[in-house]
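The values are calculated or read from the model by the stated rules, or taken from the named source; none is laboratory data. What you see is a predicted model, and the numbers here were worked out from it, not measured in a lab. Cβ placement follows ideal geometry from the backbone for every residue including glycine, while neighbour counts extend to all protein chains displayed. Note: accessible area is taken over every heavy atom of the protein model, side chains too, but ligands, DNA and RNA are not part of it. Shrake-Rupley method; radii C 1.70, N 1.55, O 1.52, S 1.80 Å.
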Amino acid sequence: MRIIENITEMQSWSEQSRLQGDRIVLVPTMGALHEAHLQLIREGRKRGDRLVFSIFVNPIQFSPNEDFTAYTRDLDGDLMLLEGEGVHVLFCPRTEAVYPSGFQTQVEVRELGRFLCGASRPGHFQGVATVVAKLFNMVRPQVAVFGLKDYQQYLIVRRLVEDLNFEIEIVGCPIVREADGLAMSSRNRYLNREEKKAALCLSRALRKAQDLVRQGTRDGEGILQEVRAEITREPLVHLEYLRLCDPKSLEDVETIEGEALLALAVQIGRARLIDNSLLGE
Ligand code: AMP
C-alpha cells in the first residue's frame, strides 16, 4: 500500500492508472477505522481495479462547538486494520494543503441539505459536499463508496455528482452493526460501558418500527410515538431528532406508502450518534 500525502502526487498517480485503463475506486473516510470501513473497501474492491482509501478529518464540516479537535486520530491503528485489505493507495492530505489560505469556495446541495442533520448542524453538509467534490478532483475515481449509515450524506453526494457532472458511480453500502445491534461508528469510542448499553435503544427502536410496519402499521405518527418512547426510556440518551421521511426527497411523510426512511440522531455523553432504517416495501 502506497501512502500519499501530496495532492499533486495523488493526481498524477490517478492519471497514470487511468492511462493504463484502470478503474479507480475511492473510499473516503475520516479515519479511526472499524469494521464498517473495511466492508466499504471490500465492496469497492469488487467495483474496480485500484482502490484509494482516503483519511481526512475535514475541519469545515464541524461547527466550533463540535468534536473536531477531539475526533480520534489513530494512523497507526488504522494502518494495522488496512493491512491485507488490498488497498493500493492510502491518501491522507494535510489540512493546509486542502484548505490553503485564500480558500473560499463552498459546494451546497440546497434542498437535501435542509433536513435531518442539516437542520441541527448548520453548515455541516456544505463542508461535506465541498470536501467530497475536492476529493473527487484530487483522486479522480470512476467509483466512490459511501455507507448508508450516513444516509443523507449518501443522497447529497449522489445529487452533487449529478448536478456537477462528475462521471462517478456512487455506491451505497448497508449499515454495519455490532452483534448487539449498535451501528458501528468512530464516535462509539467516546462511550463508556453504561452509555454503550444505553445506545442499544437506537437499534431496538428501529427494529420495533420495522416490526410495526411488517405487521401492517402505516401511520407515521403511531410509529414515531413507539420509537420515541423506546428512546426516551433511556435517561442517558437525549433525542436530537426523529423523522419519518421520503427516502429520496427527505420530506416528512405522514403515511407510509412504498418505502420510508426512519432516521434519528441522539446525544449520549460526548457522542452524537445517528442511525436509520428503510421501512416498507
Ligand atoms: P466516517 O469515517 O465516519 O466519516 O465514515 C466514512 C464512511 O464510512 C462513510 O461513507 C460512512 O457512511 C461509512 N460508515 C461509517 N460507519 C458505518 C456503518 N456502521 N455502516 C456502514 N457505513 C458506515
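The rows are residues; the columns are (1) in contact with a Lys or Arg (Cβ under 6 Å, 6 or more places away or on another chain); (2) part of a helix (DSSP H, G or I); (3) not hydroxyl-bearing (S, T, Y).
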site: R18; (1), (2), (3): no, yes, yes
site: V25; (1), (2), (3): yes, no, yes
site: A32; (1), (2), (3): no, no, yes
site: Q39; (1), (2), (3): no, yes, yes
site: G44; (1), (2), (3): no, yes, yes
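List pairs: first residue in the range 240-257 and touching a residue at least 60 places away in the same chain (Cβ under 8 Å), second residue charged (D, E, K, R) and open to solvent by less than 70 Å² (accessible area, probe 1.4 Å) anywhere in the structure, Cβ distance under 9 angstrom, at least six positions apart or on different chains.
Close Cβ pairs (under 9 Å, with a partner that is charged (D, E, K, R) and open to solvent by less than 70 Å² (accessible area, probe 1.4 Å)) amount to E240/R272.
Those residues that are in a helix (DSSP H, G or I) and over 24 Å from K248 (Cβ atoms), I need them from the range 129-155; list them, please.
K134, L135, N137, M138, V139
Go through the residues of the range 61-80 one by one and say whether even a single one is within 19 Å of the chain's Cα centre (by Cα) and in a helix (DSSP H, G or I).
Taking every residue of the range 61-80 in turn, at least one turns out to be within 19 Å of the chain's Cα centre (by Cα) and in a helix (DSSP H, G or I).
Inspect the range 52-71 for any residue being on the phi > 0 side of the Ramachandran plot and in contact (Cβ under 8 Å) with a residue 24 or more places away in the chain and give the result as yes or no.
No, the range 52-71 has no match at all.
Scan the range 156-171 residue by residue and report those that are open to solvent by 40 Å² or more (accessible area, probe 1.4 Å), part of a strand (DSSP E or B) and free of Cβ contacts under 8 Å to residues at least 60 places away in the same chain.
Result: no residue meets the conditions.
Here is a check on your reading of the model: is S63 more than 12 Å from the ligand (Cβ to nearest atom) and either closer than 26 Å to G113 by Cα or touching a His at 6+ places or on another chain (Cβ under 6 Å) (or both)?
Taking the combined requirement at face value, the residue satisfies it.
Identify all residues within the range 172-219 that are more than 16 Å from the ligand (Cβ to nearest atom), under 26 Å from G31 (Cβ atoms) and not in a helix (DSSP H, G or I); write none if there are none.
N192
Can you tell which of E83, E35 is within 14 Å of the ligand (Cβ to nearest atom) and loosely packed, with under 15 Cβ neighbours inside 10 Å?
Result: E35 is the single residue among E83, E35 that is within 14 Å of the ligand (Cβ to nearest atom) and loosely packed, with under 15 Cβ neighbours inside 10 Å.
Cβ-Cβ under 6 Å, sequence separation 6+ or interchain: first residue in the range 1-14 and farther than 15 Å from V87 by Cβ, partner part of a helix (DSSP H, G or I) and open to solvent by less than 30 Å² (accessible area, probe 1.4 Å). Which pairs?
I7/M138
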